[in-house]
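The values are calculated or read from the model by the stated rules, or taken from the named source; none is laboratory data. Because the structure is predicted, anything quoted here is derived from the model rather than measured. Please note: Cβ atoms are built from the backbone with ideal geometry, for glycine as well, and neighbour counts cover all protein chains shown.
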Ligand SMILES: Cc1cc2nc3c(=O)[nH]c(=O)nc-3n(C[C@H](O)[C@H](O)[C@H](O)COP(=O)(O)OP(=O)(O)OC[C@H]3O[C@@H](n4cnc5c(N)ncnc54)[C@H](O)[C@@H]3O)c2cc1C
């Protein structure tokens, strides 16, 4: 290796996963973390790799997207998933951890590793000529985020998330929905219109305004509400507020009743094949079970499978499709890698996975070898390829879900999941061979 040192900024989930991978492959890592000097408003522990909210790393079923992602990570040499397993607490089919034990063990492994030099510092800027992984998370300290803005351009950074749910297309009842644009405009049919009559709308509306919401932290409130109104907050303005907003029925038709629908929700394709659909204007802060219950009152969505639930929280991230290569390094500065939530992935395991992927590519760079991508038939590949190639306009972070994984369209769901698993394992084995060359 011509140069054997990597700078990692941020000892959270992505930064710790990346540092341990590199260090375990003989690379000297300088890991910077600000926690002992300044905590983010969500942090409470002193140790690294803190899970700031839930203690769940989601499903451990290898036939679910999140479970398969963990399997892929373990095959590729993840350090954090085995630690999570060693610190797990019973939670049905999910992998949940004792967060203090988890953070302590990650910290111990980092501090005991002779290849990692740990530095307590609030980083404000860095030398762009050195190989660097920026893994500062959704609550990155302001000065460093400004510095990143100055490198990639102001318009490419976001400060909060207002995410609408994404639904699996094959779970929608097409007898109450149709593809088409308002007033039949345009050559392509871009929206799936889910229709409601008056009674259905009123039932939905009443349940929506009384549904249970997630409590926001004090630091999250201002930014969230300035920028984007959750659907349940808009509904509080009056019975018809949604019918003049995201549930506007104008220009749509209800052929079943040969009249204009009373209200409608439009879904837009989230990926090229149209297997995942985004609920337009339905950013929400309802708790997940309430999203399933209340949005399930929209007739076409009564059996909807949610690939991603809506969320709202302060979240700094970059416009990955505009500024990142598929290797997770900056187009303008290939030495600089962005990992974790800041790069446009969403979730604990996704952030760890992004740290691992970034570290694999850093190592390739240090060895003077070609950087690698993974095919979208793997969950990790699908997620990394998604953030690098999604629509730049209104880009929103993405979690691991089957809607973005490229798979054979088999009718039998279990068969389909089995096939996805088998192909994923084959592809990861191919990549492992490639990395050893
Ligand atoms: C309030 C909140 C709740 C969340 N809840 C969940 C949840 O329940 N489930 C889930 O799956 N995901 C959740 N997420 C999303 C996401 O999964 C987590 O934020 C995750 O920790 C992101 O991992 P990361 O490695 O990208 O960043 P982090 O784990 O946040 O790590 C970033 C690290 O960088 C450090 N840092 C920041 N700036 C600097 C600087 N300038 N210099 C030095 N160090 C710096 C920070 O102190 C931190 O330790 C939540 C996010 C937020 C903000």
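Miscellaneous remarks
- Test result for residue 66, farther than 20 Å from residue 144 by Cβ and near the ligand (Cβ under 7 Å from one of its atoms): no
- Filtered residue count, segment 373-389, keeping only those that are more than 11 Å from the chain's Cα centre (by Cα) and either without any contact (Cβ under 8 Å) to a residue 40 or more places away in the chain or closer than 12 Å to residue 400 by Cβ (or both): 6
- Condition met for residue 170 (under 22 Å from the mean Cα position of the chain (by Cα) and part of a helix (DSSP H, G or I)): yes
- Matching residues in segment 336-369 - criterion: being away from the ligand (no atom under 15 Å from the Cβ) and part of a helix (DSSP H, G or I): 360, 361, 362, 363, 364, 365, 366
- Qualifying position, being in contact with a strand residue (DSSP E or B) (Cβ under 7 Å, 6 or more places away or on another chain), assigned by TED's automatic domain parsing to the domain that holds residue 197 and away from the ligand (no atom under 16 Å from the Cβ), among 297, 286, 252: 252
- Qualifying residue in segment 346-359 (condition: modelled with pLDDT under 95 and either surrounded by 18 or more Cβ atoms within 10 Å (Cβ to Cβ) or assigned by TED's automatic domain parsing to the domain that holds residue 53 (or both)): yes
- Listing of strands (runs of 3 or more DSSP E) fully contained in segment 55-157 that carry 2 or more residues being surrounded by fewer than 17 Cβ atoms within 10 Å (Cβ to Cβ) and touching a residue at least 24 places away in the same chain (Cβ under 8 Å): 116-120
- Total residues in segment 8-54, condition surrounded by 22 or more Cβ atoms within 10 Å (Cβ to Cβ) and more than 10 Å from the ligand (Cβ to nearest atom): 7
- Within segment 182-191, none of the residues are in contact with a helix residue (DSSP H, G or I) (Cβ under 7 Å, 6 or more places away or on another chain), at pLDDT 80 or above and surrounded by 15 or more Cβ atoms within 10 Å (Cβ to Cβ).
- Residue in segment 375-382 that is outside any loop (DSSP other than H, G, I, E, B), in the same structural domain as residue 403 (by TED's automatic domain parsing) and within 16 Å of the ligand (Cβ to nearest atom) present: yes
- Filtered residues of segment 17-32 (kept if under 18 Å from residue 343 (Cβ atoms) and in contact with a strand residue (DSSP E or B) (Cβ under 8 Å, 6 or more places away or on another chain)): 18, 19, 22, 31, 32
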